Structures are given as structure tokens and as C-alpha cells.
Amino acid sequence: LFHGAFNCCTKISEDIPKGILRRVERFEIQKDDGLCHLEAVILYIEGRKFCVSPRIKRVKKWMKKNKHKTPRKRHHGRKQRRTKNLKKKEKKQ
């Protein structure tokens, strides 16, 4: 497998202007275990991504305020739809 296929941050910034934080649409936390070997916060702004250090005080504070901007995982959504469809088919027969 190719390392670039995992979309990992390879470099991180140790400083970030306030103006950039105000424009962030969503963010993800990259851990240093597994495929990516660098701990980082990935900020998405207008289709671009910025990798910053999770140790920056300003970023820590901003992340606490903006928890709602993290991508949510869907729990069993697909499984539930399948069971509903099966029940409808059983009723028709």
C-alpha cells in the first residue's frame, strides 16, 4: 500500500493565526499510531487542509469550543435500513 493513499499529515505547523481558526469548516485529529506517524490536528478550510500541532494552546481551546465540527460516525445506520426493508417485503407477501 502507498503511504500517500492514507492522507496523513507529514508536516505540522507550530503556530496558526486566529483568522484561519475562524474559517475552519471541520477538523479531524490524526493520531501517531497506526498508519500515520505524526500527531496532528487537520483543519479543513474551503476544500484545503492545514496540519497543525495539537499542543498549541489556541488550537486546544478552539477544539473544545468547536467539538461539533468533527465528523460524526454513523452507528449501524445501514443495518437498520436493511431490516426495515425486509419487514416491508414480508408484509407484501
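Key figures
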item	result
Under 5 Å, built H, 5+ apart or other chain: amide partners of Arg26	Tyr44
Estimated inter-spin distance, Ser53 and Thr10, nm [label 7 Å along Cα→Cβ]	2.1
Dimensionless Rg/Rh of region 7-72 - Kirkwood Rh, Rg from C-alpha atoms	0.92
Sites Thr70 and Leu35, calculated FRET efficiency, Cβ-Cβ separation with R0 25 Å, nearest 0.05	0.85
Net +/- balance of residues flanking Gln30 in space, Cβ distance below 14 Å, scoring K and R +1, D and E -1	+1
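Readers should treat all values here as calculations from the given coordinates under stated rules, not as data from a laboratory. Just so it is clear, the model here is predicted, and its values are computed rather than measured. Backbone-built Cβ (ideal geometry, glycine too); neighbour counts: all protein chains shown.
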